[in-house]
Amino acid sequence: MSHASTIVGIPGLEIERVDRNQQIHIWAKPKFRPVCLYCESTSLRIKSTGERTLKHTRQGNRIMVLHLRVPKYHCMTCGRYFRHRFAGIRPRLRATEGYRLEVYEAHHGGVTQHMLSRTHGISAATVERWYQYHIAQRISEMRDRPCPQVLGIDEHFFSRQRGYATTLVDLKNHKVFDVVLGRTEASLGEYLRALPGREQVKIVVMDLSETYRRIVRRYFPNAQIVADRFHVVRLVNHHVLKVWQQQDPEGRKNRGLLSLMRRHQWNLSTAQQQRLQAYLDQHPVLKALYHAKHQLMRLLLLKTLKVAHVRRYLPQLRRLIDQFADSPAASLARTLTSWLEPIVRMWRYRYSNGMTEGFHTKMEMMSRRAFGFRNFNNYRLRVLAHCGWDGVINRV
């Protein structure tokens, strides 16, 4: 009987009988009499004994069913009554915590509710309820965790009725920190004011959004803003193509030339460079703008530089911005000047929002599989379950 008690995995049980048929039925009772829950006295008498039937973890393909004798004790010292408590069994439930956790981990791993209903003998609604319970339990444990030191901020579309949501990503540990509905200071202010540990955030990576910059400066006072490299490069390309549209509308419609203008100069073959150069020779303004753009691109793609190297490249960056200021791309120069410090910090730090964009792709797939979410809280729980932690709940 001691070997069967070890297989059950619940301490303090004395196995009385085991029947193995389509299901494994185990009759058991407490091995030891506990102390009083209220005064810790050992002077207890058994007033009555009841029986509980619970589903337990499966052994092979057969469900284990426990039939427990549950004494009701009367403390002779304090005069209070209480029932016997078993480890891993909550009051008034018809399944042990191990069984509920087994169903949760299987569903989290991809097993459908229909399949779990067939293999575990429970309804699909029960599977969903247990899954939501364990997710909410884990999220409540994560509620008071401090802010990460390296934070990525970006927006993504949630629904037509609710609009956009803001994603906060822990770029150092590669996890989603939280998802908040809204993308303005009015919608995010209350959440950010109550955020624990926001003073310890050192780096915030973001796109060139003036709204997010104001939010970061106000609610993360000790953080340095680092511009996302992809968005800076895209901004430069966008302005160059816009000037091209103004200078030569017909040439801008040529798909072959459009492909050559978008790509980096060092990625073009010799024949492609000759074709592009022949076109630029006919438009001196575009030629000067094109060469200035690629000098700027070489600077923007520099990474993890030391302070001495940053000081050496900074005058070159300023001269290129001045060239754009005296050209038809003056609006690009104004934007680069406004974001000069976050852009220069790209040279010092290796962080970017590429990880955040990857999480957004995963969130979009989750939303598609669910045919959309109406309740933002359910959407947030699902995102944090799949992107915010490893999905493993430690057994106590």
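The values are calculated or read from the model by the stated rules, or taken from the named source; none is laboratory data. The structure presented is a predicted model; accordingly, all values stated were derived computationally and were not measured. Cβ: placed from backbone, ideal geometry, glycine included. Neighbour counts: every protein chain shown.
For segment 172-198, which residues satisfy the criterion of being under 14 Å from the mean Cα position of the chain (by Cα) and either modelled with pLDDT under 90 or not in a strand (DSSP E or B) (or both)?
The answer is Lys172, Asn173, His174.
Could you look through segment 321-338, keep only residues that are over 22 Å from Ile225 (Cα atoms) and not small (Gly, Ala, Ser), and pick out the one that is surrounded by the fewest Cβ atoms within 10 Å (Cβ to Cβ)? So the residue we want is Asp326. Within segment 127-140, is there a residue that is over 30 Å from Tyr191 (Cα atoms), part of a helix (DSSP H, G or I) and aliphatic (A, V, I, L, M)? Within segment 127-140, one or more residues are over 30 Å from Tyr191 (Cα atoms), part of a helix (DSSP H, G or I) and aliphatic (A, V, I, L, M).
Quick one: is Leu44 crowded, with 17+ Cβ neighbours inside 10 Å and closer than 19 Å to Glu14 by Cα? Don't jump to the end; show me each part of the working.
Values: crowded, with 17+ Cβ neighbours inside 10 Å: yes; closer than 19 Å to Glu14 by Cα: no.
The answer is no for Leu44.
If you filter segment 51-102 down to residues that are small (Gly, Ala, Ser) and under 19 Å from Pro30 (Cβ atoms), you find that the one that is surrounded by the most Cβ atoms within 10 Å (Cβ to Cβ) is Gly88. For segment 33-56, the criterion of being touching a helix residue (DSSP H, G or I) at 6+ places or on another chain (Cβ under 7 Å) and either modelled with pLDDT under 95 or not in a strand (DSSP E or B) (or both) is satisfied by at least one residue.
Checked against the criterion of being surrounded by fewer than 16 Cβ atoms within 10 Å (Cβ to Cβ) and either outside the structural domain of Leu241 (by TED's automatic domain parsing) or under 14 Å from Asp228 (Cα atoms) (or both), segment 280-295 has no qualifying residue.
Scanning segment 143-171 for residues that are hydrophobic (A, V, I, L, M, F, W, C) and within 19 Å of Pro342 (Cα to Cα) yields Val150, Leu151, Ile153, Leu168, Val169, Leu171. Take the conditions (1) within 30 Å of His294 (Cβ to Cβ); (2) assigned to a helix (DSSP H, G or I); (3) at pLDDT 90 or above; Val205 misses just one of them, which is (2). On the given criteria, is Val233 in contact (Cβ under 8 Å) with a residue 24 or more places away in the chain, crowded, with 19+ Cβ neighbours inside 10 Å, of a type in the set (A, V, I, L, M) and on the phi < 0 side of the Ramachandran plot? No. Taking Trp244 as the residue in question, decide whether it is surrounded by 13 or more Cβ atoms within 10 Å (Cβ to Cβ) and in a helix (DSSP H, G or I). Yes, satisfied. When Ala271, Ala292, Ala186, Ala278 are checked against the criterion of being among the small types (Gly, Ala, Ser) and closer than 29 Å to Trp347 by Cα, a single residue qualifies: Ala292.
Of all residues in segment 265-293, which are farther than 23 Å from Asp322 by Cβ and either in contact with a Lys or Arg (Cβ under 6 Å, 6 or more places away or on another chain) or assigned to a loop (DSSP other than H, G, I, E, B) (or both)?
Of all residues in segment 265-293, those farther than 23 Å from Asp322 by Cβ come to 266-279, 281-282.
Passing the criteria: Leu268, Ser269, Asp281, Gln282.
Just wondering, is there one or more residues in segment 299-308 that are in a helix (DSSP H, G or I), under 30 Å from Trp266 (Cβ atoms) and of a type in the set (Ser, Thr, Tyr)?
no
Scan segment 232-252 and tell me whether some residue there is among the aromatic types (Phe, Trp, Tyr) and in the same structural domain as Ser338 (by TED's automatic domain parsing). Among the residues of segment 232-252, at least one is among the aromatic types (Phe, Trp, Tyr) and in the same structural domain as Ser338 (by TED's automatic domain parsing), which makes the answer yes. Comparison of Leu332, Leu381 shows that the only residue that is in contact (Cβ under 8 Å) with a residue 60 or more places away in the chain, under 14 Å from the mean Cα position of the chain (by Cα), assigned to a helix (DSSP H, G or I) and outside the structural domain of His108 (by TED's automatic domain parsing) is Leu381. Among the numbered conditions (1) surrounded by 12 or more Cβ atoms within 10 Å (Cβ to Cβ); (2) modelled with pLDDT under 90; (3) closer than 23 Å to Val127 by Cβ, the only one that Leu13 does not meet is (3). If I filter segment 141-163 down to residues being assigned to a strand (DSSP E or B) and in contact (Cβ under 8 Å) with a residue 60 or more places away in the chain, which single residue comes out as surrounded by the most Cβ atoms within 10 Å (Cβ to Cβ)? This residue is Gly152. Can Arg374 be described as outside any helix (DSSP H, G or I), in the same structural domain as Arg214 (by TED's automatic domain parsing) and either in contact (Cβ under 8 Å) with a residue 12 or more places away in the chain or out of contact with any Phe, Trp or Tyr (no Cβ under 8 Å at 6 or more places or on another chain) (or both)? In short, yes. Residue count for segment 106-126 under the criterion of being in a helix (DSSP H, G or I) and surrounded by 18 or more Cβ atoms within 10 Å (Cβ to Cβ): the result is 4.
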